[in-house]
Amino acid sequence: MLKGKHIILGITGGIAAYKSVTLLRLLVKAGAEVQVVITPSGKEFITPVTLSALSGKPVVSEFFTANTGEWHSHVDLGLWADAMVIAPATASTIGKMANGIADNMLVTTYLSAKAPVFVAPAMDLDMMAHPSTLRNIEALRSYGNHIIEPAAGELASKLVGKGRMEEPERIAEILSEFFASRESLKGKKILITAGPTHEKIDPVRFIGNYSSGKMGYALAEEAAARGADVALVSGPVDVKAINPRIRVIEVESALEMLDACLAEFPAADAAIMCAAVADYRPAERADSKIKREGCSDVELRLVANPDIAATLGKAKRPDQKIAGFALETDNEAANARSKLERKNLDMIVLNSLRDAGAGFRTDTNKVTIISRSGSVREFPLKPKSEVAADILDSLFSPE
């Protein structure tokens, strides 16, 4: 899966830099085109001559070549790459990446990268365990970077603990597995709903909820990155879709969302009902703004909105799959299983408002995925981009 891929290999100033030579050889042998970007301190551990000989490309370290003035464009590199892997990543470089300190070519290239970034930390155990390092790694993870966890073992200090850079063979495997996953949904058509619905009371007021749409849009981006054509039916949100495989259908109310889903579902291989659809809407909508003057109290009569997931569940063919979401505040697992059965879903994603960092308006989520077969998988708090990957893996992987 690495053949023909453009990969930036970032090397920083750690003793594990010697492993980067093996990683470079493995990537080139697999057919990848590799551009090495090394920090000035990295050159103290491994020479650019060796790296250039193996990659077949001049090694980039400075912003420009001193004797010719040739400019090395970090922007062009960021656009060229299919992936960037930083191995080893020292505590210093991780801190700079996490905080946007762009004082060398490697960090500026990272900040310009449009492609997925893989970070393989390598340092002594005390540095690895320090709160600042852990905070910076979590910041990188929250930005959507892929952290290749270091292993435990004997370190350069002769101490034993976590901090050894993952072996080059495994890093190459992780990259290959990543690119394989990018093709896993090629040819699939997926319907995804996202965001809230707004149910109008009058021209200036509505009933809604706190959904930001971030989870639904993360699912759309991940599905599109895996090769799927995505129809994203979106309520009013501030998030924007990036991948050109995503076709956004903007709606406002639950009835509009239902109509859009009914139009798209027959052609879909799967549907993921991520939107926080309002359960009720006003029975009557005022044509003009309801005035406060002369009217101290206003009574609203609410009627139930249609259950979009259940409606699609009734129409589902044997060759289609549907995943739903359940945001619960009590009896979470029991309520989620009940929804799965009632709505004829293949899978339901449970998240609870009791979990800090999960739910509405966050960049992270903590979910439990329950399948129709009865399997239950609990996941830790993760960035929503990683949660999206877990959901798609679960929906499309065989039991």
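The values are calculated or read from the model by the stated rules, or taken from the named source; none is laboratory data. Since the model is a prediction, treat every value here as computed from it, not as a measurement. Here the Cβ is made from the backbone with ideal geometry for all residues, glycine too, and neighbour counts use every protein chain on show. SASA here: full protein model, heavy atoms, side chains in, ligands and nucleic acids out. Shrake-Rupley method; radii C 1.70, N 1.55, O 1.52, S 1.80 Å.
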Margin query: List the residue pairs whose Cβ atoms are under 8 Å apart, where the first residue sits in the stretch 375-399 and is within 16 Å of L345 (Cα to Cα), the second is open to solvent by 20 Å² or more (accessible area, probe 1.4 Å) and part of a helix (DSSP H, G or I), and the two are 6 or more positions apart or on different chains.
Written below: V376/A333; L392/E222
Note to self: Checking the structure you have, find out if any residue of the stretch 237-253 is of a type in the set (D, E, K, R), open to solvent by less than 40 Å² (accessible area, probe 1.4 Å) and at pLDDT below 95.
What the structure shows: no
Note to self: Kindly evaluate R281 against the criterion of being of a type in the set (K, R), touching a residue at least 60 places away in the same chain (Cβ under 8 Å), within 27 Å of Y217 (Cβ to Cβ) and touching a Lys or Arg at 6+ places or on another chain (Cβ under 9 Å).
What the structure shows: yes
Checklist line | Scope the stretch 5-43; condition open to solvent by 30 Å² or more (accessible area, probe 1.4 Å) and of a type in the set (D, E, K, R); matching residues | finding: K5, R25, K29, E33, K43
Margin query: Against the definition (touching a residue at least 40 places away in the same chain (Cβ under 8 Å), among the charged types (D, E, K, R) and either touching a Cys at 6+ places or on another chain (Cβ under 8 Å) or under 21 Å from S394 (Cβ atoms) (or both)), how does K200 come out, yes or no?
Written below: no
Next item on the list: Working carefully through the options R361, R337, find the one that is surrounded by fewer than 15 Cβ atoms within 10 Å (Cβ to Cβ) and either charged (D, E, K, R) or in a strand (DSSP E or B) (or both).
Entry: R361
Checklist line | Test for A304: is it open to solvent by 50 Å² or more (accessible area, probe 1.4 Å), modelled with pLDDT of 90 or more and more than 27 Å from K200 (Cβ to Cβ) | finding: no
Notebook entry, point to check: What single numbered condition from (1) touching a residue at least 40 places away in the same chain (Cβ under 8 Å); (2) under 28 Å from I147 (Cα atoms); (3) in contact with a Lys or Arg (Cβ under 7 Å, 6 or more places away or on another chain) fails to hold for D346?
Noted result: (2)
Notebook entry, point to check: Considering S397, S385, S373, which residue is more than 16 Å from A276 (Cβ to Cβ), modelled with pLDDT under 90 and within 15 Å of the chain's Cα centre (by Cα)?
Noted result: S385
Check: Is it the case that A81 is at pLDDT below 95 and crowded, with 21+ Cβ neighbours inside 10 Å?
Finding: yes
Item checked: In the stretch 294-332, residue nearest to K343 (Cα to Cα) [restricted to those that are of a type in the set (K, R) and assigned to a loop (DSSP other than H, G, I, E, B)] -> K316
Checklist line | Residues (in contact with a Gly (Cβ under 9 Å, 6 or more places away or on another chain), part of a helix (DSSP H, G or I) and within 21 Å of D124 (Cβ to Cβ)) located in the stretch 11-42 | finding: A17, S20, S41, G42
Notebook entry, point to check: Which is free of Cβ contacts under 8 Å to residues at least 24 places away in the same chain and closer than 30 Å to S373 by Cα, of A263, A228, A315, A220?
Noted result: A263
Next item on the list: Can you confirm whether the stretch 107-118 contains a residue that is over 23 Å from S20 (Cα atoms), of a type in the set (A, V, I, L, M, F, W, C) and open to solvent by 10 Å² or more (accessible area, probe 1.4 Å)?
Entry: no
